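Student: Okay, handing you the structure first.
The values are calculated or read from the model by the stated rules, or taken from the named source; none is laboratory data. The structure displayed is predicted, hence computed values, not measured ones. As a convention, Cβ positions derive from the backbone with ideal geometry for all residues, glycine included, and neighbour counts pool all protein chains shown.
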């Protein structure tokens, strides 16, 4: 009888010990690597997280394209924007590491799909569509990266040990890699796809037009721009008549835009949306030069800024960018750009005036903007007009700095804007954390940083 | 300590019943009583130098069969002086035992058992709650401040119910929790914050749900010998709290405690008035070569001169009412208590309310079986206000708000964000930010347990416990359109912003412990325990955010036009443990103890699921040696040493798995993205601890000294190994780093005068030297707030945690008025590479000094608390003393010491609008934050015997108590005892507009009948 308690004690211990559940609880909201890819649907869900990275690329790309140049100035408290604005970027700049990080976070997902999809049972159509979109997304991210940082490490696997010491490729190699991704995507993504929230055949061509423009391959640039403008029998994209409609979501001329919803921008999160930076905090405001240029433009394109005297104090000119509403999408490609790309390609090929010329392309856009039409007289006059046209038409869409660099005009324009501009500002620094943690990048920092 | 437990533990000394065969035996019997005539059960009775013995019955009677020629019978009982009585052929021997007044015989709760203080060879500090009972203490963690050596306690701010940082023997972890394990009545209780939202760095505090006035004793386990029984959870120290229980055979008593007092801030920051600020701003403009009028700065006027700090602060009230009763028969004892506390914050709209209920019941069913329960219920409501690193906070905005604006317009309405007539972003009306939003946190706590204890064979006990700690938190928040978030941010819709979130956490625990104690003669004592424990933890949470409310009259999400950010979540975790302990004592002289615990945790990786945590300790009571017997003034002299391993299991859940998780949907399509890289070897952080200490008592216990030296090495620290982003991940977790803590602790307790006037003192002082030995890589990590040179704090090998990083400020150039910084790399330029070590938050030493006096009915106590050598980043001054970098903020009066004209020898650089150079983060913002504080002064008076009995009372005491009444410090911020990033280990010693400690003056009444 004395041992009754001992026995029941032991029974208790044993019954609990069998509860190994206690040591192996199931996580919620998390799945392990091997559970991720099962079928077409799960592959699509994984691909969507690459679109999430695209969404994270939206704001930093606008910052890079406009704040590094002469369109925007800093007016707030964050060091990272102040540095870019004063052309005093340090390698530890938060915007640089955010943009860099997104490129490779997306790259990992694309590699994961490329490695995993062949092993699962999935219809060929879905396979092509998903890998095609994935290749496009990677091409776009690397494109932005290559012109922001220069040659990039090219990551094509999920092997952590390999990728943590991967060296930088040259700019040429990086651009070739982008081209191969684009050609793959062009081949795989079917023609009949119209959703401007996702990578479509039109989006691939639009990026190719931009890609060849940047690479100064004028015939290819013109070719792809024309394909997008003319469409495949049917015109897929139609110019809006009113510039005001251009800046709203899903306009008829939108080729690809990053779709945001209220869930993306609660406004109190630390990952500030572009609206919060421009309007909520007024962390970044238009430069006085940009304001003047927009006012002098004369047409309807100055609707993207607004003045409020209450803000005008000290260095603050009182102007606010109202281009992006609280949950507005960010347009990556729209038809107007195809016309201006073609105009530039045609000017470079000395097709200056007349029908189907640089002049006619530019005037389509100027007419819509309500500004006086121009006459093409010379290649140089036309190129100068195009530079100005791009600044007006695409202000606060993240193009300006890239345009000035690729056309070699940066030094002339920027020296006029600020005395702080130096040659180093033609590229952003490779993030310090990459240099520190990747031995192959030890001596690979961009000059001047 | 109640008698029930005393009698239980007297059995530790019960001899094995080995009756030797003897030819002639006789019987002796008798009754054992104490000096009051009450019977003493459980007295250990044996014949000297034999193993023949017994223990006294419940009524104090005993019977013992002894050999006829026996000479001396020994009576011993914990807390009483041992009696060696010659038998002289008597058959009835009645004994009156007298209590041993030496404190050495106190029982110390050591975790799963308890032990006589004389036999303790681990480092355990006890805190008598009597010393804190008159103070307006909200939570039990606050009670530890300045009272216990080796334990550093910092209140993060003066906000009621706010976060408190407790560190036992330093910081042993870099990335995981450094909070000690709190065990209340055997239940590991939730610590840290209750709310899921940190308000600009400040948290609330889960331990504020336990009423300190219900606590009977607090023990802090500090070395491996004491802690190893808690294995993988013990590395940060263990705080064992025992609540009050009933007393056997004592008359039922009732106690009424009332406290009521007023609260004021200890300090305010002197800022500029309107005239001074406007003049300064105009000067800054002129220095920048700009026209002040063109820049929109009003002319110098004091037409409006708002004292913003006064606008958001008030004199607050604290009150607490408690009714408790305790008593019981020999079989059943109880303690019941109900209390209500209401503590207003000094900031408008900030207060903390708590209702608590405690019921503890013990019952002895048979001579072998006893059982009982303890229940602790609490409900708290905390009205929080935003602060610190929130632009839309209250106290911070009151410091920085421009004095030439006012909170109300001409019609008496509060200015809302964006209103004409009020400063634009980043300024928000602090009065509106205090009054308009609703940040209510409701917590419900249920702490309960059942136990049963059974004596299987004499001296072998089996105890089983089923315990639960349940905490539910509801956060009910609304920021109307008249507030910053709800009304200003376009992205939020400018029509209100509401959050409703709930969190529920529970810990279910079962433990089963066998204890056995025996003595072999009076030479060898052996005791030990063996146990298992199962802990299942669950945390469930949900949160919903709504925007676009029809108007500010509709403040609940039901009315919101758009619901977003809905979430729900569940985490389970568990711990399975086996533990044991063996104590050995040889002739009360030599003591040894071996402890071990084997823990399996769901948080550990597949390849490292179980950890083993052993400890060994030795003690030598030198006073028991013959060569010290002649020295009558030396009561006790004990030397002890311990060595062992402990762990830190709080490394997060599922960190070892390679996982993918759902991310926000894109374009209406759900998304699953990579979450973490896995590491199947991920395990606990392990601390190897060594301690050498001594306990000395002289002159009948009037002088007591405790001294300890320790050296702890914590390795396998959980750290993120930074990965280049090219891997697709920012980092992977591993057990990588190493930190050491080395220190000395000294406590001196004296009875200075013991006459009609009684004066006792307790002084304790501690030093802890914390050094980071190793990180994941040679590269330092950064923490805190971002600065020109990376961040305010650096985690660097060779330095302590909480080390500051920035430029070294060399002063002001008298010629130009510009700041001069140390050009570390001598390249002629000032860049981020010139960052250097500019101080740290670790004190050289800290401690407390308490004096208590009593004379006739009067009593008084004076409690000083100090910290020396710790530095603080006055980070608020990067805005409040910003050399004109911007003109959006008011400036501290220190700005009047700025450089103004060539030749000025000044400590503050010139004010020049837009000049960031002069305001770069540097040692200019690092200050000595040493302080000596009169933490508490209490004066009381108790009525004496005759009047009391006429009033049919047994106690009536009134008292006045002041807290934080005087502070000596060179720190120029509001308070040297704050931390803007509550709970942060790497970013300690940061003051970013942190609300200072408060001064409380209260009156109290204790009534007993």
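Student: Counting just the residues of segment B:710-721 that are at pLDDT below 95 and crowded, with 20+ Cβ neighbours inside 10 Å, which one comes out nearest to the other protein chains (Cβ to nearest Cβ)? Reasoning before the result, please.
Tutor: Taking segment B:710-721 first, the residues at pLDDT below 95 are B:715-721.
Now drop any that are not crowded, with 20+ Cβ neighbours inside 10 Å, which leaves B:716-719.
Working: B:716: 19, B:717: 19, B:718: 18, B:719: 13 Å.
So, considering only residues that are at pLDDT below 95 and crowded, with 20+ Cβ neighbours inside 10 Å, the one nearest to the other protein chains (Cβ to nearest Cβ) is B:719.
Student: Can you find a residue in segment B:540-556 that is touching a residue at least 24 places away in the same chain (Cβ under 8 Å), away from chain A (no Cβ under 14 Å) and under 29 Å from the mean Cα position of the chain (by Cα)?
Tutor: no
Student: Something else now. Could you tell me which residue of segment B:893-926 is nearest to the other protein chains (Cβ to nearest Cβ), considering only residues that are under 30 Å from residue B:866 (Cβ atoms) and either assigned to a loop (DSSP other than H, G, I, E, B) or touching a helix residue (DSSP H, G or I) at 6+ places or on another chain (Cβ under 9 Å) (or both)?
Tutor: So in segment B:893-926, the residues under 30 Å from residue B:866 (Cβ atoms) come out as B:893-894, B:897, B:907-908, B:921-926.
Filter once more, so that each one left must be either assigned to a loop (DSSP other than H, G, I, E, B) or touching a helix residue (DSSP H, G or I) at 6+ places or on another chain (Cβ under 9 Å) (or both): B:893-894, B:907-908, B:921, B:924-925.
Details: B:893: 23, B:894: 21, B:907: 25, B:908: 20, B:921: 10, B:924: 18, B:925: 16 Å.
Ranking the qualifying residues of segment B:893-926, first place goes to B:921.
Student: Based on this model, can you work out whether residue B:829 counts as assigned to a loop (DSSP other than H, G, I, E, B), more than 14 Å from chain A (Cβ to nearest Cβ) and surrounded by fewer than 23 Cβ atoms within 10 Å (Cβ to Cβ)?
Tutor: So residue B:829 does not fit the description; no.
Student: Please enumerate the residues belonging to segment B:992-1009 that are more than 23 Å from the chain's Cα centre (by Cα) and assigned to a loop (DSSP other than H, G, I, E, B).
Tutor: Listed by number, the list holds a single entry, B:1009.
Student: Same structure again: Just for segment B:274-298: of the residues that are more than 10 Å from every other protein chain (Cβ to nearest Cβ) and more than 19 Å from residue B:901 (Cβ to Cβ), which one is modelled with the lowest pLDDT?
Tutor: B:298
Student: So for segment B:335-345 (the condition being farther than 30 Å from residue B:242 by Cβ and in contact (Cβ under 8 Å) with a residue 24 or more places away in the chain), does at least one residue qualify?
Tutor: Yes, segment B:335-345 contains a residue that is farther than 30 Å from residue B:242 by Cβ and in contact (Cβ under 8 Å) with a residue 24 or more places away in the chain.
Student: State whether the residues of segment B:776-796 include one that is more than 21 Å from residue B:924 (Cα to Cα), surrounded by 18 or more Cβ atoms within 10 Å (Cβ to Cβ) and touching a residue at least 60 places away in the same chain (Cβ under 8 Å).
Tutor: Yes.
Student: Between a first residue in segment A:139-155 that is within 13 Å of chain B (Cβ to nearest Cβ) and within 14 Å of residue A:58 (Cα to Cα) and a second residue that is at pLDDT 95 or above and part of a loop (DSSP other than H, G, I, E, B), which pairs have beta carbons less than 6 Å apart while being 6 or more apart in sequence or on different chains?
Tutor: Filtered contacts from segment A:139-155: A:145/A:152.
Student: Something else now. Considering only residues that are within 14 Å of chain B (Cβ to nearest Cβ) and in a helix (DSSP H, G or I), which ones fall in segment A:178-205?
Tutor: Step one: of segment A:178-205, the residues within 14 Å of chain B (Cβ to nearest Cβ) are A:193-200, A:203.
A:203, the sole residue that qualifies.
Student: Something else about it: Residue under question is residue A:198, and the condition is that it be crowded, with 17+ Cβ neighbours inside 10 Å and in contact with a helix residue (DSSP H, G or I) (Cβ under 6 Å, 6 or more places away or on another chain); does it hold?
Tutor: Working: crowded, with 17+ Cβ neighbours inside 10 Å: yes; in contact with a helix residue (DSSP H, G or I) (Cβ under 6 Å, 6 or more places away or on another chain): no.
When the stated conditions are applied, residue A:198 does not pass them.
Student: Just name the residue that is nearest to the other protein chains (Cβ to nearest Cβ) out of those in segment B:676-692 that are surrounded by fewer than 23 Cβ atoms within 10 Å (Cβ to Cβ) and not in a loop (DSSP other than H, G, I, E, B).
Tutor: Applying the first criterion (surrounded by fewer than 23 Cβ atoms within 10 Å (Cβ to Cβ)) to segment B:676-692 yields B:676-681, B:686, B:688, B:690, B:692.
Now narrow it down to the ones that are not in a loop (DSSP other than H, G, I, E, B): B:676, B:686, B:688, B:690, B:692.
Numbers: B:676: 8, B:686: 19, B:688: 25, B:690: 31, B:692: 37 Å.
Among those that are surrounded by fewer than 23 Cβ atoms within 10 Å (Cβ to Cβ) and not in a loop (DSSP other than H, G, I, E, B), it is B:676.
Student: While we're looking at this one, here's another question. Since residue A:126 meets every condition but one in (1) more than 13 Å from chain B (Cβ to nearest Cβ); (2) over 17 Å from the mean Cα position of the chain (by Cα); (3) under 30 Å from residue A:405 (Cα atoms), which condition does it not meet?
Tutor: Unmet condition: (3).
Student: Is it true that residue B:383 is surrounded by fewer than 21 Cβ atoms within 10 Å (Cβ to Cβ) and on the phi > 0 side of the Ramachandran plot? Steps first, please.
Tutor: Details: surrounded by fewer than 21 Cβ atoms within 10 Å (Cβ to Cβ): yes; on the phi > 0 side of the Ramachandran plot: no.
For residue B:383, the condition - surrounded by fewer than 21 Cβ atoms within 10 Å (Cβ to Cβ) and on the phi > 0 side of the Ramachandran plot - is not met.
Student: Give the residue that is farthest from the chain's Cα centre (by Cα), with candidates limited to residues of segment B:832-865 that are at pLDDT 90 or above and outside any strand (DSSP E or B). So that I can check it myself, show each step before the final result.
Tutor: Going residue by residue through segment B:832-865, those that are at pLDDT 90 or above are B:834-855, B:858-865.
The next check asks that each one be outside any strand (DSSP E or B); those that pass are B:834-835, B:841-844.
Values: B:834: 38, B:835: 34, B:841: 18, B:842: 17, B:843: 17, B:844: 20 Å.
By that ranking, first place goes to B:834.
Student: Now for a different question. Quick check, is residue B:851 under 30 Å from residue B:136 (Cα atoms) and crowded, with 23+ Cβ neighbours inside 10 Å?
Tutor: Working: under 30 Å from residue B:136 (Cα atoms): yes; crowded, with 23+ Cβ neighbours inside 10 Å: no.
Against the criterion (under 30 Å from residue B:136 (Cα atoms) and crowded, with 23+ Cβ neighbours inside 10 Å), residue B:851 does not qualify.
Student: Of all residues in segment B:579-636, count the ones that are part of a helix (DSSP H, G or I) and closer than 30 Å to residue B:678 by Cα. Don't jump to the end; show me each part of the working.
Tutor: Pass one, segment B:579-636, residues part of a helix (DSSP H, G or I): B:606-608, B:622-624, B:626-628.
Those still in the list that are closer than 30 Å to residue B:678 by Cα too: B:606-608.
So the answer is 3.
For (1) touching a residue at least 24 places away in the same chain (Cβ under 8 Å); (2) more than 21 Å from residue B:651 (Cα to Cα); (3) within 14 Å of chain A (Cβ to nearest Cβ), each residue gets a yes or a no:
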| position | (1), (2), (3) |
| --- | --- |
| B:744 | yes, yes, no |
| B:755 | no, yes, no |
| B:762 | yes, yes, no |
| B:765 | yes, yes, no |
| B:769 | yes, yes, no |
| B:774 | yes, no, no |
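Student: Which of the residues spanning segment B:620-631 are under 17 Å from residue B:592 (Cα atoms) and in contact with a helix residue (DSSP H, G or I) (Cβ under 8 Å, 6 or more places away or on another chain)?
Tutor: B:621, B:622
Student: Where residues in segment A:80-108 are at the interface with chain B (Cβ under 7 Å from one of its Cβ atoms) and modelled with pLDDT of 90 or more, which of them is farthest from residue A:415 (Cα to Cα)? Don't jump to the end; show me each part of the working.
Tutor: Of segment A:80-108, the ones at the interface with chain B (Cβ under 7 Å from one of its Cβ atoms) are A:90, A:92, A:100-101, A:104-105, A:107-108.
Applying the additional criterion that residues be modelled with pLDDT of 90 or more yields A:100-101, A:104-105, A:107-108.
Values: A:100: 27, A:101: 31, A:104: 33, A:105: 36, A:107: 36, A:108: 39 Å.
By that ranking, first place goes to A:108.
Student: Collect the residues in segment A:36-49 that are within 8 Å of another protein chain (Cβ to nearest Cβ) and either assigned to a helix (DSSP H, G or I) or within 10 Å of the chain's Cα centre (by Cα) (or both), keeping them in residue-number order. It would help to see each step written out before you state the result.
Tutor: Keep residues of segment A:36-49 that are within 8 Å of another protein chain (Cβ to nearest Cβ), which gives A:36, A:42, A:44-46, A:48-49.
Residues satisfying the conditions are A:42, A:44, A:45, A:46, A:48, A:49.
Student: Just to be sure, is residue B:472 at pLDDT 95 or above and either assigned to a strand (DSSP E or B) or under 30 Å from residue B:552 (Cβ atoms) (or both)?
Tutor: Details: at pLDDT 95 or above: yes; either assigned to a strand (DSSP E or B) or under 30 Å from residue B:552 (Cβ atoms) (or both): yes.
Judged against the criteria, residue B:472 is a match.
Student: Of the residues B:992, B:1002, B:968, B:981, only one is over 19 Å from residue B:396 (Cα atoms) and buried (at least 21 other Cβ atoms within 10 Å of the Cβ); which? Working first, answer last.
Tutor: Details: B:992 fails: over 19 Å from residue B:396 (Cα atoms); B:968 fails: buried (at least 21 other Cβ atoms within 10 Å of the Cβ); B:981 fails: over 19 Å from residue B:396 (Cα atoms).
Going through B:992, B:1002, B:968, B:981 in turn, the sole match is B:1002.
Student: Taking residue B:989 as the residue in question, decide whether it is within 26 Å of the chain's Cα centre (by Cα), modelled with pLDDT under 95 and under 13 Å from residue B:875 (Cα atoms).
Tutor: Values: within 26 Å of the chain's Cα centre (by Cα): yes; modelled with pLDDT under 95: yes; under 13 Å from residue B:875 (Cα atoms): yes.
When the stated conditions are applied, residue B:989 passes them.
Student: Looking only at segment A:312-327, which residues are touching a residue at least 60 places away in the same chain (Cβ under 8 Å) and more than 21 Å from residue A:369 (Cα to Cα)?
Tutor: A:315, A:316, A:326, A:327
Student: In segment B:471-497, which residue that is under 20 Å from residue B:197 (Cα atoms) and surrounded by fewer than 20 Cβ atoms within 10 Å (Cβ to Cβ) is nearest to the other protein chains (Cβ to nearest Cβ)?
Tutor: Residue satisfying both the conditions and the ranking: B:476.
Student: Here's another thing I want to ask about it. What strands (runs of 3 or more DSSP E) completely inside segment A:235-352 contain at least 1 residues that are at the interface with another protein chain (Cβ under 9 Å from one of its Cβ atoms)?
Tutor: Details: elements: A:254-258, A:284-286, A:305-307, A:319-321, A:330-334.
Here the list reads A:254-258.
Student: Something else about it: Out of all the residues in segment B:657-675, is one or more surrounded by 18 or more Cβ atoms within 10 Å (Cβ to Cβ) and more than 8 Å from chain A (Cβ to nearest Cβ)?
Tutor: No, every residue in segment B:657-675 fails to be surrounded by 18 or more Cβ atoms within 10 Å (Cβ to Cβ) and more than 8 Å from chain A (Cβ to nearest Cβ).
Student: While we're looking at this one, here's another question. If residue B:329 satisfies every condition in (1) modelled with pLDDT of 95 or more; (2) out of contact with any helix residue (DSSP H, G or I) (no Cβ under 6 Å at 6 or more places or on another chain) but one, which is the exception?
Tutor: Here residue B:329 meets the rest and fails (1).
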